[in-house]
1. Quick check on segment 388-436: take the gyration tensor over C-alpha atoms, sort the square-rooted eigenvalues as a ≥ b ≥ c, and tell me if it's rounded (a/c under 1.5), prolate or oblate.
2. Does segment 190-266 come out rounded, prolate or oblate by the C-alpha gyration tensor, with a ≥ b ≥ c the root eigenvalues, rounded set by a/c under 1.5 and, if not, prolate when a/b is larger than b/c and oblate if not?
3. Points 7 angstrom from Cα along the Cβ direction at Ala267 and Leu199: gap in nanometres?
4. Hey, what D do you get for segment 410-489 in µm²/s if you plug the Kirkwood alpha-carbon radius into Stokes-Einstein at 25 °C and 0.890 mPa s?
5. Residue farthest toward the positive end of the dipole of the chain, with Cβ of Lys/Arg at +1 and Asp/Glu at -1: which of Ala267, Leu475, Gly222?
6. Report, ordered by chain and residue number, the lysines lying within cross-link reach of Lys435, taken as a straight Cα distance under 23 Å and ignoring same-chain residues fewer than 8 apart.
7. Near the amide H of Arg198, under 5 Å away, which other amide H atoms are found, from residues 5 or more places off or on another chain, if H is placed in the peptide plane?
8. From the P(r) of the chain, can you give the percent of Cα pairs sitting at distances over 40 Å?
Amino acid sequence: MTGDATGGRATGGDATGGAGPLRSICIVGGGTAGWSAAALLARVLRGSGCRITLVESSAIPTVGVGEATIPPIFDFLHNIGADEVEFIRRCQATFKLGIRFRDWLHPGHEYWHPFGSLGVTINRRPFHHYYCRTLAEGHGETLADLCPAAALAEDGKFAFPSPDGQWPGGAVAYALHFDAGLVAAFLRDHAERAGVERLDRRIVGARRGEGETIAAIAFDDGTALSADFYIDCSGFRGLLIEETLGAGFEDWKHWLPCDRAIAAPTAAQARRAPHTLATAQSAGWQWCIPLQHRTGNGLVYASDFIDDADAEAELLAGLDGEPLAQPRVLRFTAGLRRRAWVGNCLAIGLAAGFLEPLESTSIHLIHTGLNRLLDLFPDRGFDPALRAAYNRDVHREYAHIRDFLLLHYAPNRREGEPFWDHMRGLALPDTLAEKIELFERTGRIAARQRELFADINWFYVMHGMGLVPAAIDPLAGAVPAAEVREVIGQLRGAMLAFRRAAPTHDAILARLLDPAETRRPAFGVGAGWAGR
């Protein structure tokens, strides 16, 4: 790090001028975002001579970004060189096979968004086309009859994907639930062992350099610290990206009006479910996330439709046990920075933007932001083309997830409830309206390569929210009905045997948590997570 006259650490050189490799990176803020950045960059830049310093204040609490993930979490753990079993043990983690949605279409209705694939490909066409066809023909198979992840989750069981990739085991994918505070501590230990320096200091502001750059960050004791490159992980505040550089914020509250969450833990479940439960409530939805040592609960809600006191009462009424702590409220606005990368400053995590935690994308967005940085990693010249490419890609990614979240709300049939009536009457983004129209008319789903949610993810939610195509893919219709029914019969038989043989989720956890257990299962996202 380079310093200034107020007392920073001086090593010489201009913080932002001239080309050449980065010599120093300052990460502002800890938590999951900051320590994820530190752990990944320390591994990628090892041996380069680039110095990485993370600054956080132990006097300022960090804001958690969720306790549930999606399958690519294992890619990140692999990329930083972490041991998955150690991570599970230290972070009180449990396995997650998908999300169970309760009461979203209407009270009393449930559906699954599982991880992994549905059925098998027939005649080069995805199986969901045949599933729609068989339902239209009057057959009654459920997703759990033909989707291994949904079947295991429904039974409270768990199995690692089969190494040979064969159905049904090869169609399983999974993620993790964990204690977000323990995750930050795990990542901190990992990063510090890799050479990241941590400063426990309180930042009071930043000094701008020439143009849209940061010259230094200032501490409350009058000293300052400068670097070539800054990563803003300061949370919603956006201390560098917004308060100093004025990146601007694109507000999406008109599409995603939920702007608050209230959380309260309860005791651990007697039988830990291998899935997240999301239950629709009067002005939002309630989550239930089973961990090893406790259960995470919370209510995400729109303050325009319910006040904090009523939201707390609704949360407490929906708990399975007594809260272990006083409920706490978090306020947010759905949207993103107009520019996540400005000058020599990049925002990651909540500093870059936030979309409600309905599909557990918050931590994933941290990791994709960091991966995108690696793809477009700058030198000290900070070519504007890199920033422009980064910012365009961030907007596309957030808009894609925004549309997917909206899909959970817009088709609801909860008539007579102000919040749900409002969501049903929204003018949808063209990108989502076109996608819904295409599915309802033809059964097709237009997902792009490299998008997080692929065709099968969109199908699970469209089907769950009651959307029914008016027509079936002609290529799927060309396969004789008897042949399709024969394949479905074979799949159901294999699934039944698979469900019977699978161990319980708790049995798998007990094995992994046994100190005497030295074997390592084959971790990874498995087959079927198309949205990687």
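None of the figures in this text is laboratory data; all of them are computed from the coordinates on show. Just so it is clear, the model here is predicted, and its values are computed rather than measured. Glycine gets a Cβ as well: all are built from the backbone with ideal geometry, and neighbour counts include every protein chain shown.
1. The shape class here is prolate.
2. Verdict is oblate for segment 190-266.
3. About 4.7 nm, to one decimal.
4. In µm²/s, the coefficient is 167.
5. Leu475
6. Straight-distance partners of Lys435: Lys253.
7. Those qualifying (amide H under 5 Å, at least 5 residues apart or on another chain) are Leu54.
8. When every Cα pair of the chain is considered, 26 percent fall beyond 40 Å.
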